[in-house]
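Asks: My questions will all concern the structure given below.
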Amino acid sequence: MDNFFVPGILGVILIVLGIMNMKGNISSLHWYHRQRVTEENRKPFGKLVGLGTLIIGIALVISGILFWISEVTATELWLIVGCVITVVGIVVGLVLSFYAMIKYNKGIF
């Protein structure tokens, strides 16, 4: 019954964090990334990482909705589609975030 609440709530949290990062507020990121990004690169770095976080959040919200539809209709197709959207959203979001880290931090760690 609660299978759709967790991804939905987590997705909303990630959407808010993504929007904050896209506006240039990278305080939610690890200290290492904040320290290694120059002042002039904070905005583009925040936009890329924020976009990645936003994509993951949107995918989780959509998945939560599809999980709810699956439960209401008792059709597993929506559950499978929701899982696929989750995986694709996480992969795309992580690729964008890692690209930003490599480009502006000269490495992930």
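The values are calculated or read from the model by the stated rules, or taken from the named source; none is laboratory data. Fair warning: this is a prediction, and the values are worked out from it, not measured in the lab. Don't worry about glycine lacking a Cβ; one is built from the backbone with ideal geometry, like all the others, and counts go over all protein chains shown. Surface accessibility is based on the protein's heavy atoms, side chains included, excluding ligands, DNA and RNA. Shrake-Rupley method; radii C 1.70, N 1.55, O 1.52, S 1.80 Å.
Asks: With a 1.4 Å probe and all protein chains left in place, how much of the accessible area of the chain comes from carbon and sulfur atoms, in whole percent?
Replies: Of the solvent-accessible surface of the chain, carbon and sulfur hold 75 percent.
Asks: So how tilted is helix 76-105 from the main axis of the chain? Cα-based, degrees 0 to 90, rounded to 10.
Replies: That helix lies at roughly 0 degrees to the long axis.
Asks: If you roll a 1.4 Å probe over the heavy atoms of the protein chains, what accessible area per residue do you get for the chain, in Å²?
Replies: Ligands and nucleic acids excluded, the figure is 60 Å² per residue.
Asks: For the charge dipole of the stretch 13-109, defined by +1 on Lys and Arg C-beta atoms and -1 on Asp and Glu C-beta atoms about the Cα centroid, which residue among GLY89, THR38, VAL49 has the Cα displaced farthest towards the positive pole?
Replies: My answer, from the dipole projection, is THR38.
Asks: Students sometimes get this wrong: rank PHE67, PHE98 by accessible area, probe 1.4 Å, all chains present, largest first.
Replies: PHE98, PHE67
Asks: Quick check: residue separation of ILE102 and VAL12 times 0.36 nm, minus the Cα distance between them. What number comes out in nm?
Replies: My answer for the length gained is 29.7 nm.
Asks: Looking at (i) 1.09; (ii) 1.21; (iii) 1.15, which value of Cα Rg over 2.2 N^0.38 Å comes from a calculation on the structure shown?
Replies: It is the value labelled (ii).
Asks: Here is a further query. Helix 5-22 versus the longest principal axis of the chain: what is the Cα-based angle in degrees, 0 to 90, to the nearest 10?
Replies: 20
Asks: Can you figure out the FRET efficiency of CYS83 with ILE19, using R₀ = 22 Å and their beta-carbon distance, to the nearest 0.05?
Replies: 0.30
Asks: Could I ask something else about it? What percent does the relative contact order of the chain come to when contacts are Cα pairs within less than 8 Å and at least six residues apart?
Replies: On the way: 163 pairs, mean separation 36.7, N = 109.
Value for the chain: 34 percent.
Asks: A follow-up question, please. What full-extension length gain, to one decimal in nm, is calculated for SER28 and ALA74 as 0.36 nm per residue of separation minus the Cα-Cα distance?
Replies: Taking 0.36 nm per residue and subtracting the Cα distance, the gain is 12.7 nm.
Asks: Report, in degrees rounded to the nearest 10, the 0 to 90 angle that the Cα long axis of helix 42-73 makes with the longest principal axis of the chain.
Replies: Once rounded, the angle reads 10 degrees.
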